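Below: one structure, written as structure tokens.
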Amino acid sequence: MRPVLEPPTCLLVLGAGEPWESTAVESGRPGSGLVVVKRCIDLTDLLATASSGQAQVAVVAAGADGLDRQAVEHLHQVGVRVVVVLAAEGPEHLAERGRLAGVDLLLPAAQITELGARLQALRPPTELTRSPEPAPRRAPGAAPAVAVWGPQGAPGRTTIALGLAGALAARGADPLLLDLDPAGGTVAQHLGVLDDVSGLLAASRRLSDGDLAGSFVALQRRVAGFRLLTGLPRGERWTEVAAGLAPELLALGRRQGPVVADLGSSIEDDAAAGYTGRAGRYDLTREALADADRLVVVGTADPVGLTRLARALGELRELRADVVPTVVVNRVRRSLGWDAAQLRALVTSWAPGTEPILVPEARSTLDRAMVAGRSVAELGDGELSRAFEAVTCALLPEIPRAPRAGIRLRRAGRARRR
Ligand SMILES: Nc1ncnc2c1ncn2[C@@H]1O[C@H](COP(=O)(O)OP(=O)(O)OP(=O)(O)O)[C@@H](O)[C@H]1O
Ligand SMILES: [Mg+2]
């Protein structure tokens, strides 16, 4: 038999237990022009092997775990064409066509013996369709996106993000709060939202299907006067978050109004993830920090919290040297023995150019907000709501302050109770 393809085409096969797998492997018999270089155990194995440049074609079962548009794009980027084998030709596979958009060949399992001939008909790799260039992230006139970050030790990132969203809502700015903590979302719990449908996971699936923009508004829910995209129900589900999701969410959010993103603490770079084209655990945080227009760094006022804050500011400079963050020193209380001037001087020495904002310890106010599932701004004027106002003014001075918003809301609350 004459060689079908010249030079031999190297294949990776991921059959995921489908009966056609052995036939696909046999297609690499001598003289066929095909060589099966590896039967992969899962998609991560396939993506990593493809990244090493050993193959030109991946033959993958449509039902392989994790196979989505992002995986197909990664294979294309490393010069590998993608053949997806459909278990059966039926209406259910038509629904999959969106998920599998961009694959080079959809092959019904019944036609697996024709694999060699069908590969010949494929376009050469140089003509592969690449994803269109992404739209510019910040359209002129778009609202700003704020990332709220801080070191480990629960310094109050979520509390400050909620305070900021509440203060913006009180100004009538209709903010969107994104819960982007890869360790597991807590914004919903702070607000007493009890169903565990994850807006973030739904958004990730839509991104993989190429339909995030169309469904973005429907994924949000309105709570405590602002729009919310809920986070991960459990930390271990970070693996389901698509790479590049955070910048997409920020870009779509900016079109509607100001965006506040509540982030996790670690910004460790997972270098190994790059080989698979998949997101590393902390990429959600890193991507949001890298893409946001304004940054808030939260630390606590105690000695451990301040040491961590100093380190965090150093780490952040490596990622975003171009932005001077707004530093929030949270849980300030007399019993620690620092006065406000000392705290400010300390923080400014670590982060020149910043004017840190001090937020008081206010356990009972936060308890009341949490029990009622409301923002602190909705509870009315008070020390904590004034501190959140100060954070908002420092960070987003262009968004006008509503006159005596707290008092107006308190009166409205009283009227409701009557
Ligand atoms: N100013 C404050 N006064 C009193 N308690 C506070 C204050 N800020 C935060 N807290 C409390 O500290 C705890 C941790 O706060 P929060 O959940 O905002 O931290 P985080 O940095 O988001 O932590 P995590 O790592 O869990 O995401 C919560 O119980 C919160 O109510
Ligand atoms: Mg948090």
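List of remarks:
- Between segment 136-179 and segment 279-351, the Cα center-to-center distance that results, in Å: 15 Å
- Each of Asp269 and Glu355 was given a label point 7 Å from its Cα along the Cα-to-Cβ line. The distance between the two points is 3.5 nm.
- Cα-based Rg and Dmax for segment 148-264, where Dmax is the largest Cα-Cα distance (Å): 13.1, 37
- Kirkwood analysis of the Cα pair distances in segment 290-405 returns a hydrodynamic radius of 15.3 Å.
- Three-way shape call for segment 9-125 based on the alpha-carbon gyration tensor, with the a/c threshold at 1.5: rounded
- Spacing of the two label points (7 Å from each Cα toward its C-beta) at Ala310 and Val37, in nm: 5.1 nm
- Here the accessible area of the chain is 52 percent carbon and sulfur, with a 1.4 angstrom probe and all protein chains present.
- Inter-site label distance for Arg320 and Ala372 at 7 Å from Cα along Cβ, in nm: 3.1 nm
- Solution diffusion estimate, µm²/s, Stokes-Einstein, the chain, Kirkwood Rh from C-alpha pairs, 37 °C, viscosity 0.692 mPa s: 138 µm²/s
- Working note: Cα gyration tensor of segment 293-361, eigenvalues times five, square-rooted, sorted largest first, giving semi-axes of 21, 11, 10 Å.
The values are calculated or read from the model by the stated rules, or taken from the named source; none is laboratory data. Nothing here was measured: the structure is a model prediction, and the numbers come from that model. Glycine also receives a Cβ, built like all others from the backbone with ideal geometry; neighbour counts cover every protein chain displayed. Surface accessibility is based on the protein's heavy atoms, side chains included, excluding ligands, DNA and RNA. Shrake-Rupley method; radii C 1.70, N 1.55, O 1.52, S 1.80 Å.
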